[in-house]
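Asker: Mind having a look at this structure? Questions to follow.
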Amino acid sequence: RMIRKYRGLSIDDNNEDVGNWKYGYLIEDGGESFIINQVIESNEQYITIGSWCPVNSETIGQSTGLFDKNNKEVFDGDILAVETDEEVLYVKVYWNEQVAMFMFKSKKYHDNVPLAELTSEIAYPFAVVGNIYETPHLLEQ
């Protein structure tokens, strides 16, 4: 069974990675969030982690398990450019708690559509072009 990855923007002031995306597994504790990578050793009593980084909790997003036309992994909070026959549509990827699935929506059409619809054989090509944290202006197009 595959455990999905997470990402978050680094807030590690002791590191040149501050403000960069960190990818791995999520640990949340007492209001703090960390992305970890590489479990070196573990047993019932302890775990040794190869690397960890504090991240901004507001920017955490889970992998959807999908990849765009350029083989870039799609995460919650990403902005996709969907190439329809008539236009390029900019949509936001998000987790819908009510129906327990990843969805996307555009500001133009206000539709909430299951992300899985982009995986069908007849679906339009799409690419990750940004995210709601760093490039929210893309959704205005």
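The values are calculated or read from the model by the stated rules, or taken from the named source; none is laboratory data. Not measured: the values here are computed from a predicted model. When we count neighbours, we look across all protein chains shown, and the Cβ atoms used for this are built from the backbone with ideal geometry, even at glycine. Areas reflect the complete protein model, heavy atoms only, side chains present, ligands, DNA and RNA absent. Shrake-Rupley method; radii C 1.70, N 1.55, O 1.52, S 1.80 Å.
Asker: Give the residue list of chymotrypsin sites (Phe, Trp or Tyr not before Pro) in segment 48-141 that are DSSP loop and have at most 13 other beta-carbon atoms within 10 angstrom.
Answerer: Here the chymotrypsin sites (Phe, Trp or Tyr not before Pro) that fit, given the DSSP loop and packing criteria, are 109.
Asker: Which whole-number percentage describes the relative contact order of segment 85-141, with Cα contacts under 8 Å and a sequence gap of 6 or more?
Answerer: Relative contact order here is 29 percent.
Asker: Taking the Cα centre of the chain as origin and charging only Cβ (+1 Lys, Arg; -1 Asp, Glu), how large is the dipole, in debye to the nearest 20?
Answerer: 260 debye
Asker: Once each part is reduced to its C-alpha centroid, what is the distance from segment 1-48 to segment 54-84 in angstrom?
Answerer: Distance between centres, Cα-based: 17 Å.
Asker: Which length gain, in nm to one decimal place, applies between residue 113 and residue 133 when the Cα-Cα distance is subtracted from 0.36 nm times their residue separation?
Answerer: Stretched out fully, the residue 113 to residue 133 stretch lengthens by 5.1 nm.
Asker: For labels at residue 51 and residue 23 in the simple 7 Å Cα→Cβ model, what's the distance in nm?
Answerer: Each label point is offset 7 Å from its Cα along the Cβ direction, giving 1.2 nm.
Asker: Leaving out ligands, DNA and RNA, and with a 1.4 Å probe, what % of the accessible surface on the chain is carbon or sulfur?
Answerer: Roughly 47 percent, rounded to a whole number.
Asker: OK, next. What number comes out for accessible area per residue over segment 101-141 if the probe is 1.4 Å? Units Å², please.
Answerer: With the other protein chains kept in place, segment 101-141 gives 65 Å² per residue.
Asker: Tell me, what ³J(HN,Hα) does each residue in segment 109-125 have, in order and in whole Hz, if you take phi through Karplus 6.51 cos²θ - 1.76 cosθ + 1.60 with θ = phi - 60° and put x for Gly and Pro?
Answerer: 9, 6, 7, 9, 10, x, 4, 4, 5, 7, 9, 6, 4, 9, 6, 6, x
Asker: With Rg/Rh (Cα atoms, Kirkwood Rh) as the read-out, I listed (1) 1.00; (2) 0.97; (3) 1.02; which label goes with the value calculated from this structure?
Answerer: Among (1) 1.00; (2) 0.97; (3) 1.02, the one derived from this structure is (3).
Asker: Any lysines with Cα under 17 Å of the residue 108 Cα? List them, leaving off those in the same chain fewer than 8 positions away.
Answerer: 92
Asker: Percent relative contact order of the chain, based on C-alpha pairs within less than 8 angstrom and at least six residues apart?
Answerer: Once normalised by length, the contact order is 18 percent.
Asker: Next question. Going 7 Å from the Cα of residue 120 along its beta-carbon direction, which residues of segment 48-67 have the amide nitrogen within less than 17 Å of the resulting point?
Answerer: Label zone hits: none.
Asker: Taking a probe of 1.4 Å, how large is the accessible area per residue of segment 33-74, in Å²?
Answerer: Result: 63 Å² of accessible area for each residue.
Asker: To continue, here is another question. Multiplying the sequence separation of residue 32 and residue 16 by 0.36 nm and subtracting their Cα-Cα distance, what value in nm do you get?
Answerer: Here the segment from residue 32 to residue 16 would lengthen by 3.8 nm.
Asker: Roughly what would the spin-label model give for residue 101 and residue 43, points 7 Å off Cα along C-beta, in nm?
Answerer: A separation of 4.5 nm, rounded to one decimal place.
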